[in-house]
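No value in this document is a laboratory result; all are computed from the given coordinates. Predicted model, so just to flag it, every value in this text is computed and none were measured. Note that we place each Cβ from the backbone using ideal geometry, even for glycine, and neighbour counts take in every protein chain shown.
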Amino acid sequence: MSRIGIFTCWCGENIARTVDVNEVAKQIGEMPGVRCSVEYKYMCSDPGQAMVREKIVSEKLDGVVVASCSPHMHLKTFRKAAQAAGLNPYLVEMANIREHCSWVHHDRALATAKAVDIIRLSVEKVRNNTALEPIRVPVTRRALVIGGGVAGIQAALDIADAGYEVVMVEREPSIGGKMAGLSETFPTLDCSQCILTPRMVEVGQHPRIKLYSYSEVEAVDGFVGNFKITIRQKARFVDTAKCTGCGECWNVCPLKKNPSEFDFAMGMRPAIYIPFPQAVPARPVIDKKVCAALIRNGCKLCEKKCKAEAINFKDQDKLVEEKVGTVVVATGYKLYNIAKEQDKAWLTGYGEYGYGKYKDVIDSLQFERLVSASGPTAGVLKRPSDGTIPQNVVFISCVGSRDNAKGLPYCSKICCMYTAKHAMLYKHKVHDGQAHVFYMDIRAGGKGYDEFVRRAIEQDGAKYYRGRVSKITEEKGKLIVRGADTLASVPVTIEADLVVLAAAMRPADGIEELAQKLNIGYDEFGFLLESHPKLRPVETNTAGIFIAGACHAPKDIPESVAQASAAASKVQVMLAADELTREPEIAAINEQTCAACFTCVQTCPYHAIEKTELKTGRGAFIKRTARVNPGLCMGCGTCVSVCPSKSADLLGFTEQQIYAEVESLA
Amino acid sequence: MSGQMKIGYYPGCALHGSSNDYEQSLRACLGVLDVQLQEVKDWICCGATAAHALNHKLSLALPARNLALAERDGHKQLFAPCPLCSMQLLKVQKAVAGGDGLRAELAQIVEADLRGDGQILNLIQVFQTIGLDKLKAAVKEPLKSFTAACYYGCLLTRPPEVVHFDDFEQPKSMEAVLAALGAKTVEWNYKTECCGAGMTMASEGTVLDLAHKILANATAHGANCVVVACPMCHVNLDMKQAAVEQRYSEKLGMVIYYLSDLVGLALGLKPEQLGIDRHFVTKAQS
Amino acid sequence: MDALREISLAEGLVAPSQKPVVAFQQAFLDNIRRNGRLAELELIAQFKTAVFFRTGRPGFLFKDAGLAPQMSKRKKLHLLPGKVRDRKVVERIFAKCSNGAQK
């Protein structure tokens, strides 16, 4: 490179206050190979960019260094400008003399000298830059949505309505997720199923949505634009093509007393069952753990009754392959298990609340099923122990959340709102009942949320005590709840008929295994990691995989829906063309010198390096070699550092370039 | 019983003072079980509540001296029948294990070498060490007429990060011992509620109110006796029962047994051998 | 909790209803400082006298007096506690823990 242009920016006062920009431009202009060196107040502005374009053309520059802010800010801006002027964008470098210099130093002389050094490094680098072309990756224009809750449903509908095929995988027998089991939703008190089931039906009937229900993602191969997904369709023992959903089978099944998963054990279901009447697909499933026919070849009453001959006791799990270009993960949540058995060593449960010991201590999802019109008690709120109507109900917030000592440190976000909702629903059903809520704070930040909580207190007479509950015991059929009212500075004891615990939200079971299959990050609680908490809330660090809903963090339905649509729009950006372009600053392996030790294959965190063979034109074997998959490589450089034969290098950051930079300082 | 068990023994002030009926009881019962108790030579008070309430360093030093003496006497296991003593000894062990030069500092204060690595046992743990199936095999007179409310009080299971013993919300270790003896136990709600401990003299009203709640709840859940493993709990529930009855104008008549009393009775010992006749509330009155 | 107790004592902020408790605990510590182990009768005597002087009510002195014969009958009253041979070390321990910083 011998015709390099240097463009030094004042950045208003940000750089010029500490660095003598004119002096810098003068000194750098004297470096060998520098064709021109100019300065301007705001290089990123339109006139600034115009200056860059003009100089590229007039001085026939073959390399550009913009000395200004961090490349995170404006590298794309200047690369575009260079490209517009006919210069390969990868011949543009940015020297950061703001975050790395003027913003962290005070001494003008020293800072100016340092700025010159920083730019000198970039000049050496640019001298050795090669023109690179963006990598083009073909795209399978289909999307996978994992999870059929409200977030998954929204994402699938948005993508399918935009014209792309969607494969949806849901591990329960029906889609709908937790929202299908709720009674009414805040802040409007809409009937949850009434607003969700039309969407569920739309998914089930959409010509471009392929629904795999009662299925799980078994394996994930490939890379962005080219994923190969293996799906395990679990055996239903019912042929969904023949079955008409008439219901004769589950009516005749003699094994009626199995705790219903959908009702969180508040009700029972038969061995052959449909989780709820509005299930999509409306086809039953046989529970192989209890079915007499499957265990000991007995019964088979359902088979006899089925006019469509849809029962098939010989059914097996099936593995199916689907090719997709992008994935949206929307696997939802589960509640913290308040009883003592936990799946993590550092969780200890809340034995003091007697959950699991006393029948009338339940969690919030169980309460939803008890008040739901389609629930096990047809919406009549009955005590699980004796079926009577409770006159005093205690709601306890923050069970497991915001607890550094023995729970989870984060706030579960939705509980303050649904507890107020529960208090209201209770009052609407039991007019002379009294709701008591023990809380730490009230978090009601959404639209209409605070007004909603005030309604529960002012119109529906819920009593709110600011304090925690220390112990729940049972005396003569009543639950003695001992807590505190810290605002009044008195202990409070309530004789309750029912206690509802607002348990913490955690990601659904199996999230860690799924994240590992997809190669996406997750935190110590299992929540999936977004690319950037502020600016990239639905992307992950793995290209082509997006997240939406409660699998990312505790959130309510409006936010889940919004996130799902956001993820869908990201998917549409990716699927908009037949090809994806990726930045070409990735690793490359010199296949002549590669010794095929494959250390790089084992170390690459993105599984982006393959073992392959070099053959002659007629197919004779020459040697084995490692090869970088340009679709997967993220340019981290790990392979470069471990390669013993120095065959791996990073395009745009070659070892030669880095040495040149270092030597320029000596 | 095969093989004699030798363990260090730290009685504490209560057992050599007005709770010496507890010492009589456990010596008689453990004697039958072939457990030899070797009293720590020249032990001193552990500091009880007074030390930890008024002087933090003293509350570590006094138990530390006793740990050092027990180590000097060569005891790998140290039985402390009073849960406040055993909790303080465990507290010092835990503090010393945290590093920070505390062990050296305490050794200097108590003028003895201190390792802090012995095993501290409460009464229930002694029976667990003997083995509940061995205990069951040695039972001569199963306690069929006893329906007991097992009362743990504050210090057998708390603070959980210090004593690491049993489930601190719903403990069951004492019930397991009683089951081996053929006794019935009740599920009740005051297993781990405080009896007022050392407040007996200074704040008697508090103790009487708390004791009343405990005794009333045991009665309400069908118990015909209460079992304890702590001398203070025994004093507050037994010696003070008459005052509770007077304050609440109720007849309670609830016999309070030490756990070793019931083990001894099941092994065939007579009440007088165990010091049961020295309780304030006896079977004759209830 | 204990930290709050020590702070309130040092700052003279003990609630009046709790003063008998503090008096009891101070008497307890004095007792074991002198004797190595607790001498119960001595403690009771010292405590009751301290409270009597503070409140001027003789009733407290004689409360529980009826318990004495009951305890004696049950051989629970000991005039003298078991002796600690090396009592001086206890005094030295107390001295070292009472100087300066009480952490």
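Couple of notes before you dig in:
- Phi to ³J(HN,Hα) by Karplus 6.51 cos²θ - 1.76 cosθ + 1.60 over segment C:62-74, Hz, x for Gly, Pro: 9, 5, 6, 4, x, 6, 4, x, 4, 6, 5, 4, 8
- Principal-axis tilt of helix A:192-205 within chain A, Cα atoms, nearest 10 degrees: 60
- Mean shadow area of segment A:577-639 over all directions, Cα convex hull, nm²: 5.4
- Under 5 Å, built H, 5+ apart or other chain: amide partners of residue A:614: A:622, A:623, A:624, A:625
- For the set B:136/B:283; A:471/B:144; B:76/B:240; A:340/A:429; B:94/C:75, the pairs lying more than 27 angstrom apart at their alpha carbons are A:471/B:144; B:76/B:240; A:340/A:429; B:94/C:75.
- Using θ = phi - 60° and Karplus 6.51 cos²θ - 1.76 cosθ + 1.60, couplings along segment A:613-626 (whole Hz; Gly, Pro as x): 10, 9, 10, 6, x, 9, x, 6, 6, 9, 7, 8, 7, 8
- At q = 0.14, 0.18, 0.21 Å⁻¹, base-10 log of I(q)/I(0) for segment A:4-127 (Debye sum, equal scatterers on each alpha carbon): -0.49, -0.82, -1.14
- For segment A:613-656, the residues whose backbone nitrogen is under 12 Å from a point 7 Å from the Cα of residue A:128, taken along Cα to Cβ, are A:650-656.
- Tensor-based shape of segment A:336-506 (alpha-carbon gyration tensor, a/c under 1.5 rounded, otherwise prolate or oblate): rounded
- Among the listed pairs A:210/A:242; B:6/C:76; B:41/B:91, those whose Cα-Cα separation exceeds 25 Å are B:6/C:76.
- Cα gyration tensor shape for segment B:137-278, rounded if a/c is under 1.5, else prolate or oblate: oblate
- Fraction of alpha-carbon pairs over 41 Å apart in the protein assembly as shown - percent: 61
- Under 5 Å, built H, 5+ apart or other chain: amide partners of residue A:310: none
- Cβ-Cβ FRET estimate between residue A:432 and residue A:382, R0 fixed at 22 Å, reported to 0.05: 0.85
- Residue A:136/residue A:339 FRET efficiency (R0 51 Å; Cβ-Cβ; nearest 0.05): 0.40
- Under 18 Å from residue C:96, Cα to Cα: lysines that are on another chain or at least 8 residues apart: B:57, C:88
- In sequence order, segment A:561-575 has phi-based couplings of 5, 4, 5, 5, 5, 5, 4, 4, 5, 5, 4, 5, 4, 6, 8 Hz under the Karplus curve 6.51 cos²θ - 1.76 cosθ + 1.60, θ = phi - 60°, and Gly or Pro positions carry x.
- By the beta-carbon count within 10 Å of each Cβ, the least crowded to most crowded order of B:188, B:43, A:346, fewest first, is A:346, B:188, B:43.
- Taking 7 Å steps out from each Cα toward its Cβ at residue A:536 and residue A:460 produces label points 4.2 nm apart.
- Folded to 0 to 90 degrees: helix A:655-665 orientation relative to chain A principal axis, Cα: 60
- Value of [θ]222 nm, deg cm²/dmol, for chain A, DSSP H segments ≥ 4, -39500 (n - 2.57) each, nearest 500: -8000 deg cm²/dmol
- Label-point separation, residue A:108 to residue A:450 (7 Å along Cα→Cβ), nm: 4.9
- In terms of packing, defined here as the mean over residues of other Cβ atoms within 10 angstrom, the peptides B:205-213, A:534-542 line up highest first as B:205-213, A:534-542.
- Each other residue within a Cβ distance under 9 Å of residue A:137 adds +1 if Lys or Arg and -1 if Asp or Glu, for a net charge of +1.
- Here is what passes the span test in chain B: the DSSP H helices with alpha carbon length of 15 Å or more along the helix axis and a Kyte-Doolittle mean of 0.0 or above are B:56-72, B:83-97, B:204-220.
- In degrees, nearest ten, helix A:71-84 long axis to first principal axis of chain A (Cα): 60
- Segment A:475-628 - Rg (one decimal) and Dmax (whole number), Cα, Å: 26.5, 90
- Chain B: C-alpha gyration tensor shape, a/c 1.5 cut-off, then a/b vs b/c: oblate
- Estimated FRET transfer efficiency when R0 is 22 angstrom, pair residue C:44-residue B:277 (beta carbons, to 0.05): 0.35
- Label sites at residue A:316 and residue C:4, each approximated as a point 7 angstrom past Cα along Cα to Cβ, lie 6.7 nm apart.
- Set of lysines with alpha-carbon distance to residue A:334 below 20 Å, sequence-local pairs under 8 removed: A:178, A:344, A:406, A:413, A:421, A:555
- Among the listed pairs A:257/A:357; B:213/C:19; B:184/B:270; A:257/A:359, those with a Cα-Cα distance over 23 Å are B:213/C:19.
- Within the same chain, lysines fewer than 8 places from residue A:55 are excluded, and of the rest, those with a Cα less than 16 Å from its Cα are A:80.
- Sequence-distant residues sharing a close amide H with residue A:486 (under 5 Å, placed H): A:466, A:467
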